[in-house]
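The values are calculated or read from the model by the stated rules, or taken from the named source; none is laboratory data. If you're wondering where the values come from, they're calculated on a predicted model, not measured in any experiment. Cβ placement follows ideal geometry from the backbone for every residue including glycine, while neighbour counts extend to all protein chains displayed.
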Amino acid sequence: MAFAKAQNLDVSKGTFNDIQGSQNIYYINNFFTDPQWDDSRSHKEGDRLKTPEPYSRDSWCEEPESSPQSASDNKRSRPRAFRKDYQRPSLSFRWYREVPTVIRCLAFSPDGQIVAAGTRDGSIVTWAIPEGRKDLIPQKVHRDSIRAIAFYPDGSRLVTGSRDTTLSILCAVSGSVLFGPLRGHSQCITSIAVSPDGNYIFSGDKGGDLRCWCARTGFVLPFRHRSSSPINSIAFSNDSKWLVCGAARLLFFEYQAGAWHFADYPKESFRDAKVVSSVAVTPDNRVVICAAGTRVQMWHAEKGKQVAREFEMASKVHSIAASPDGRHFVSGSAYGDLTVCDMRERKRVATTRIINASIMTTPSNIDCYAVAFSPDGRFIVGGGAWGLNLYSCRLD
């Protein structure tokens, strides 16, 4: 990705290479080649799930070419041939683990063997996957609620951000504090992300401050960006070259010439991405998924245009996560709703309501604050006031 100076941006073009203009505003350029996601086929979210074609990372987002003959054929009712080995996508409840407080954030270790949670009382706790054994009993790390948590890419460390305005870098095995409390924020820290190359930690707070830290030493770096609204979520591209933040709108930053820079975009781009509570980036860096109120939107990261129609959820979405195959996302919402959607087929493929802490067979109406996919895509976790729920998922 590179910056291009621009004044008038034509988002209908595939790249931004030919832009000339202002010396003061920078726009995102050349994230990747242009995926052909048009929404020419109409799909209703309640329609029966169609058998997907064999998945290809390079081609799954492209629509098949149509012809007058094929269009005529599609109007007729014809028998469908299904693969014998195909099974409908589903979620299967595995186990529930109660905690004495509210889980506000979750993260899987890179090897998928541990899930870590930050709680309202300032503690962290970890469980082994899939058996659910506690690897680390609740351990007090902060004076107030832990609102954000992330693993280092090698799985050796955890970083936490708290309502007490500090960060801590912990040993992922023992839970001991290696660096911290790290000070640099003046308000509640609401989001944290570690770059995939393991060099940087970005943290955002309720006051709109975005700070950058050295992941190896814990030192705060000179970069600082001030937004007019809270930084609710941060997600890195998988090549560590750019990141996106969810705030009153989407904010993009790029690493270039040895430093991080704010990358603005024209007002026509990402037009409906307002008051973003959570963001995620697909593994191929092509699509930014964001939650805005009750809507989940999918944006072409270069063009700033929606690649498919948005999903409307029943209640406010608190958290989203992209699947490792880049085809699905999971959302956690108010009233305990946990939903998995297929972006290729534009369908909900699995929906459940989190199990209640006191009556294991009764759905709860308690918010699902955090969700995460395991790195291998086999499991989904959801956390809230009830504790932690683990699900096995079958999506292919």
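Observations, loosely collected:
- Selection from the range 106-121 of residues that are under 13 Å from THR160 (Cα atoms) and either crowded, with 21+ Cβ neighbours inside 10 Å or of a type in the set (Ser, Thr, Tyr) (or both): LEU106, ALA107, ALA116, ALA117, GLY118, THR119
- Of the residues making up the range 75-108, those that are touching a Pro at 6+ places or on another chain (Cβ under 8 Å) and modelled with pLDDT of 95 or more number 1.
- Checklist (1) within 24 Å of the chain's Cα centre (by Cα); (2) farther than 21 Å from PHE373 by Cβ; (3) not hydroxyl-bearing (Ser, Thr, Tyr) applied to GLY198, failing item: (2)
- Against the numbered list (1) part of a loop (DSSP other than H, G, I, E, B); (2) among the aliphatic types (A, V, I, L, M); (3) modelled with pLDDT of 95 or more, ILE192 comes up short only at (1).
- Residue match in the range 56-68 (condition: modelled with pLDDT of 50 or more, not in a loop (DSSP other than H, G, I, E, B) and not aromatic (Phe, Trp, Tyr)): no
- Scanning the range 138-178 for residues that are among the hydrophobic types (A, V, I, L, M, F, W, C), closer than 25 Å to ASP376 by Cα and assigned to a strand (DSSP E or B) returns ALA148, ILE149, ALA150, PHE151, LEU158, VAL159, LEU170, CYS171.
- Unique residue being assigned to a loop (DSSP other than H, G, I, E, B), in contact with a Phe, Trp or Tyr (Cβ under 6 Å, 6 or more places away or on another chain) and within 23 Å of ILE169 (Cβ to Cβ) when the list is GLY304, GLY218: GLY218
- Matching residues, the range 328-349, being buried (at least 22 other Cβ atoms within 10 Å of the Cβ) and under 19 Å from ARG378 (Cα atoms): HIS328, PHE329, VAL330, SER331, GLY332, LEU338, THR339, VAL340, CYS341, MET343
- Residue match in the range 91-103 (condition: in a strand (DSSP E or B) and under 14 Å from LEU158 (Cα atoms)): no
- Single unsatisfied condition, VAL281 versus (1) modelled with pLDDT of 95 or more; (2) more than 15 Å from the chain's Cα centre (by Cα): (2)
- Residues within the range 310-345 that are part of a loop (DSSP other than H, G, I, E, B), modelled with pLDDT of 90 or more and of a type outside the set (Gly, Ala, Ser), tallied: 7
- Residues of the range 232-259 that turn out to be of a type outside the set (A, V, I, L, M, F, W, C) and surrounded by fewer than 16 Cβ atoms within 10 Å (Cβ to Cβ), as a count: 4
- Selection status of ALA273, touching a Cys at 6+ places or on another chain (Cβ under 7 Å) and at pLDDT below 95: yes
- Filtered residues of the range 202-231 (kept if closer than 26 Å to PRO283 by Cβ, surrounded by 23 or more Cβ atoms within 10 Å (Cβ to Cβ), of a type outside the set (A, V, I, L, M, F, W, C) and out of contact with any Lys or Arg (no Cβ under 7 Å at 6 or more places or on another chain)): GLY204
- Of note, VAL141 does not satisfy the criterion of being surrounded by fewer than 21 Cβ atoms within 10 Å (Cβ to Cβ) and of a type in the set (A, V, I, L, M, F, W, C).
- Among the residues making up the range 260-286, those that are buried (at least 23 other Cβ atoms within 10 Å of the Cβ), in contact (Cβ under 8 Å) with a residue 40 or more places away in the chain and hydrophobic (A, V, I, L, M, F, W, C) are VAL276, VAL279, ALA280.
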